[in-house]
Amino acid sequence: MSEVDPVWPPYEVFVRSKRGLNHVHVGSIHAADPDMALRHARDVYTRRNEGVSIWVVRSADITASSPDEKDAFFAPSGDKIYRHPTFYDVEDVPHM
Amino acid sequence: MSAEPTAPELEGFEQTLAHDQRIEPRDWMPDGYRRTLVRQIAQHAHSEIIGMQPEGTWLTTAPSLRRKAILMAKVQDEAGHGIYLYSAAETLGVDRSDLTEQLITLRQKYSSIFNYPTLSYADVGTIGWLVDGAAICNQVPLCRSSYGPYARAMIRICKEESFHQRQGFELLMTMMNGTDEQRAMVQESVDRWWWPSLMMFGPPDDASPNSARSMAWRIKRHTNDELRQRFVDMTVPQAEALGVTLPDPDLRWNAERGGYDFGEPDWDELDRVIRGEGPCNEERVTRRADAHREGGWVRAAAAAYAGKQATSA
């Protein structure tokens, strides 16, 4: 074999376990291209009917929030308690 | 992601552990924590991959189509487990191909148990029962390991391991209900695998230098000796149900401490196997290295095809 092994990039794998549910991240696999990534993901992550649909995304294409600034980044939702139904005092009214 | 500890970073890390929450890939973590995890997860992944070999030997000679199909599913699971774990290791910034390289150049280890040969078909059952049984004892607590991706991989693995253990036990049970010759095969197999299975939990606690640190970091949840005891207590009644004798004259119930007393494994043997002097060390690593080399053209061809598709698109 040649000295330089070709690099198969990593793909993140998301599986919908059944109709009606979101795709959920389950792990990653390596593949030469997206079609192969799908097949590998099927073989690795759905050997026992764990899924009805799979997404694969090149790991390099994911943009994530930084854990370093997690407090600042999520602060805008922290102090808006009026966004929650429990903020409102309502008398004992049915269906409310 | 600098690993120079600054006070708030280290405090955040310690707080997460103290609240029994999980550390996630992009969180700050001490270098030692990262190194310990990479070593443990890689070693675990390598064990799954090398673990395909001892049982794989029996794929073509299993006695029925049913048994072949079961064994094939099991060996495929081991490959899958290896990949879940390499995937978890890669979240720590290492690369799977580097880990494979470290395995075939003997710089990283795998479980000592896979350096023993599978001499009879009964070994397929015994490995499922004892070796996978021991693995379950080791792995169930790791589902609560402090590193999120490792814990999640372990949850998937544990679900599948219970199939492994049950198919092994059922295979042995079938043989025990067969002829005298079959029963003798099972006993002979159990005689060979019992002590190496106890060694799977690693050296005794007072000779296990990394345990304390791993426990403090909540990577590990129980000591080697605790897990070994748990395994013995779980297995003795199963051996009785099967009708086999575990080859330990010192094995007896201790009512006072509510567990079985058992003899001392041969720790020199474990040292030798870990050093590379077990019966099959060379065969296992050579076969892994050959498979990697022989698969080279497949990796190259797939990469070339992908390159072509990308440029013609």
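Please go through the range B:114-158 and pick out each residue that is assigned to a helix (DSSP H, G or I) and without any contact (Cβ under 8 Å) to a residue 40 or more places away in the chain.
Passing the criteria: B:Asp132, B:Ile136, B:Gln139, B:Cys143, B:Met154, B:Ile155, B:Cys158.
Consider only pairs whose beta carbons are under 6 Å apart and that are at least six residues apart or on different chains; among these, list those whose first residue lies in the range B:247-259 and is surrounded by 12 or more Cβ atoms within 10 Å (Cβ to Cβ) and whose second residue is in a loop (DSSP other than H, G, I, E, B).
B:Asp248/B:Phe262; B:Asp248/B:Gly263; B:Leu251/B:Phe262
So, in the range B:217-246, how many residues would count as being open to solvent by 60 Å² or more (accessible area, probe 1.4 Å) and either touching a Phe, Trp or Tyr at 6+ places or on another chain (Cβ under 6 Å) or at pLDDT below 95 (or both)?
1
So, of the residues in the range A:57-72 that are within 27 Å of B:Arg156 (Cα to Cα) and more than 13 Å from chain B (Cβ to nearest Cβ), which turns out to be surrounded by the most Cβ atoms within 10 Å (Cβ to Cβ)?
The qualifying residue surrounded by the most Cβ atoms within 10 Å (Cβ to Cβ) is A:Val57.
Which of the numbered conditions does A:Ile54 fail, given that it passes all the others? Conditions: (1) at pLDDT below 85; (2) closer than 30 Å to B:His164 by Cα.
Exception for A:Ile54: condition (1).
Check the range A:12-20 and report whether any residue there is surrounded by 10 or more Cβ atoms within 10 Å (Cβ to Cβ), part of a helix (DSSP H, G or I) and not basic (Lys, Arg).
Looking through the range A:12-20, none of the residues is surrounded by 10 or more Cβ atoms within 10 Å (Cβ to Cβ), part of a helix (DSSP H, G or I) and not basic (Lys, Arg).
Are there any pairs, at least 6 apart or on different chains, whose C-beta atoms fall under 6 Å, with the first in the range B:160-179 and touching a residue at least 40 places away in the same chain (Cβ under 8 Å) and the second among the β-branched types (Val, Ile, Thr), and if so, which?
Close Cβ pairs (under 6 Å, with a partner that is among the β-branched types (Val, Ile, Thr)) amount to B:Gln167/B:Ile70; B:Leu172/B:Val186; B:Met175/B:Val186; B:Met176/B:Val186.
Just name the residue that is farthest from B:Ala303 (Cα to Cα) out of those in the range A:21-35 that are within 13 Å of another protein chain (Cβ to nearest Cβ) and surrounded by fewer than 16 Cβ atoms within 10 Å (Cβ to Cβ).
Filtering the range A:21-35 for residues that are within 13 Å of another protein chain (Cβ to nearest Cβ) and surrounded by fewer than 16 Cβ atoms within 10 Å (Cβ to Cβ), the one farthest from B:Ala303 (Cα to Cα) comes out as A:Val24.
Restricting attention to helices (runs of 4 or more DSSP H) lying wholly within the range B:1-75, give those where 3 or more residues are open to solvent by 60 Å² or more (accessible area, probe 1.4 Å).
Correct list: B:7-18, B:31-50.
Across the range A:36-50, which residue is farthest from the other protein chains (Cβ to nearest Cβ) among those that are in a loop (DSSP other than H, G, I, E, B) and either polar (S, T, N, Q) or open to solvent by less than 70 Å² (accessible area, probe 1.4 Å) (or both)?
That would be A:Asn49.
What's the number of the condition B:Cys280 fails, among (1) touching a Pro at 6+ places or on another chain (Cβ under 6 Å); (2) farther than 19 Å from B:Thr126 by Cβ?
(2)
Within the range B:269-292, can one find any residue that is within 14 Å of another protein chain (Cβ to nearest Cβ), free of Cβ contacts under 8 Å to residues at least 24 places away in the same chain and open to solvent by 20 Å² or more (accessible area, probe 1.4 Å)?
Yes: the range B:269-292 contains one or more residues that are within 14 Å of another protein chain (Cβ to nearest Cβ), free of Cβ contacts under 8 Å to residues at least 24 places away in the same chain and open to solvent by 20 Å² or more (accessible area, probe 1.4 Å).
Just to be sure I understand, how many residues within the range B:87-113 are over 19 Å from B:Gly168 (Cα atoms), within 13 Å of the chain's Cα centre (by Cα) and in a helix (DSSP H, G or I)?
So the answer is 1.
Scan the range B:180-222 for residues that are part of a loop (DSSP other than H, G, I, E, B) and either under 16 Å from the mean Cα position of the chain (by Cα) or in contact (Cβ under 8 Å) with a residue 40 or more places away in the chain (or both) and jot them down.
Across the range B:180-222, the qualifying residues are B:Met200, B:Phe201, B:Gly202, B:Pro203, B:Pro204, B:Asn210, B:Trp217, B:Arg218, B:Ile219, B:Lys220, B:Arg221, B:His222.
Can you tell me which of B:Val298, B:Val232 is more than 14 Å from every other protein chain (Cβ to nearest Cβ), without any contact (Cβ under 8 Å) to a residue 60 or more places away in the chain, of a type in the set (A, V, I, L, M) and assigned to a helix (DSSP H, G or I)?
After ruling out the rest, the residue left standing is B:Val232.
Hey, B:Gly263 hits all of (1) open to solvent by 30 Å² or more (accessible area, probe 1.4 Å); (2) closer than 28 Å to B:Lys109 by Cα; (3) not in a helix (DSSP H, G or I) but one; which does it fall short on?
Unmet condition: (1).
The values are calculated or read from the model by the stated rules, or taken from the named source; none is laboratory data. As the structure is a computational prediction, the values presented were derived from the model and not from experiment. Glycine gets a Cβ as well: all are built from the backbone with ideal geometry, and neighbour counts include every protein chain shown. Heavy atoms of the whole protein, side chains included, go into the accessibility calculation; ligands, DNA and RNA do not. Shrake-Rupley method; radii C 1.70, N 1.55, O 1.52, S 1.80 Å.
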